1. Taking the Cα centre of segment 214-331 as the origin, how large is its charge dipole in debye, to the nearest 20, when only Lys and Arg (+1) and Asp and Glu (-1) carry charge on their Cβ atoms?
2. Could you tell me, in Å, what Rg and Dmax come out for the Cα atoms of segment 35-185?
3. How big is D for the chain, in µm² s⁻¹ as a whole number, if Stokes-Einstein is applied with the Kirkwood radius of its Cα pairs at 37 °C and 0.692 mPa s?
4. With +1 on each Lys and Arg Cβ and -1 on each Asp and Glu Cβ, and nothing else charged, work out how big the dipole of the chain is about its Cα centre, in Debye to the nearest 20.
5. What is the Cα centroid distance between segment 75-114 and segment 1-42, reported in whole angstrom?
6. Along each principal axis of its Cα atoms, how long is segment 140-307 end to end? Whole angstroms, biggest number first, please.
7. Mean separation of Cα pairs under 8 Å and 6+ residues apart, divided by the residue count of the chain: what relative contact order is that in percent?
8. Just from the alpha-carbon atoms, what are the Rg and Dmax of segment 33-104 in angstroms?
Amino acid sequence: MVKCKFLTTSDAEQWRRHLPARRSVFGSVEYAQLCERVTGICGRLVVMSSEDATISYPMLLRPVSELPFAADIRDRWDATTPDYTGPFYEGNDSALASGFSTHYNAFARDNGIIAGFAHLHPWSSHRHLLAEGCSYNRDIVWVDVTISPDVIFPNSLEHSCRKNVNKAEREGVRITTESCDDAIAEFHRIYTGTMQREQAFGRYFFSIDFFKMIRDTMPDNARFVCAWHKGRMIAATLYLHDDNNVYSFLGGADAEFNHLRPTNLVIWKTILWAHESGKSRLILGGGFKPNDGIFRFKATFSPLRQPFYIFKSIHMNQEYALLEERFRNYYSHPETDDAYFPGYRRHVAR
């Protein structure tokens, strides 16, 4: 018999038993609590279990009533997931595994979840649980940090990247890991300036309190790695990490000092730390578009690529069609955008 339960962030101890931060930092209750405080999105953990296995599926629920054309639609949601998550499977029960998609669809309908979108972990072997709906999105860059840095430096880093690491060190760029209030204020200045320069979507801008909350809520799973030159912070990256993986999360650089190549040294020093800490991978991610400048920069650190998959599902077809129709009427669009899911949220994507 399959048992299903819906954990909230108030069920923190139960959440940690099923999916602790050491197993998945993005799937952790601490990360879900952070998302709730910053965005108002509801963090949830769906747990489906039998006597022999458990599937834990972290998600973030958004009320459709927040949409300007759906204020009258109460108790209906759509779901997304934190990055690099999807369902996590433990145990051995082929019936639970093969039936998960059917069970989850029914569970979603019972709980008013109209549609779901998932960012799946590239190294998860559990993509098969979702059956149909998974699709390739893009390749991401990663570094195998189980290998000695003495091997990584000459064999993984491209010649230009090695030159830039050496240049930063020659120019006196200094790397530290720190998260005091003054350091976070400087981090926020650099990060915000980078987002403004890149004309990033509004969802990529965060208050300084957001970064302080990460420091305070996830002290064992977050590292602020800072590059300094002559007493001034000139670049910084926030990394999140669990037992196996280190994830490049948010960061930026002061454009005035790009010629010193501080970000190259930030990443190289993080590779050294990840190796020394017994991690398996440093996940640098991809770009906004295939082979764009961000992707090409990351690619100079490693030739390794991993396919990144997403998952799209519609659980309540009639309600989904209604929202798409209202979207088209409200914005005077003849159709929704198939590239963005759910299509009726395209105008709030920014």
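1. So the dipole magnitude of segment 214-331 works out to roughly 460 debye.
2. Calculated on Cα positions, Rg and Dmax stand at 21.9, 62 Å.
3. 152 µm²/s
4. I would put it at about 840 debye.
5. Each part reduced to its Cα centre gives a spacing of 14 Å.
6. Principal axes ranked by extent give 39, 34, 32 Å for the Cα atoms.
7. 20 percent
8. According to the Cα coordinates of segment 33-104, Rg and Dmax are 15.0, 45 Å.
Taken together, the values in this text are just the output of simple stated rules run on the coordinates, not laboratory data. None of these values were measured; they are calculated from a predicted model. All Cβ positions, even for glycine, are placed from backbone atoms using ideal geometry, and neighbour counts span all protein chains on display.
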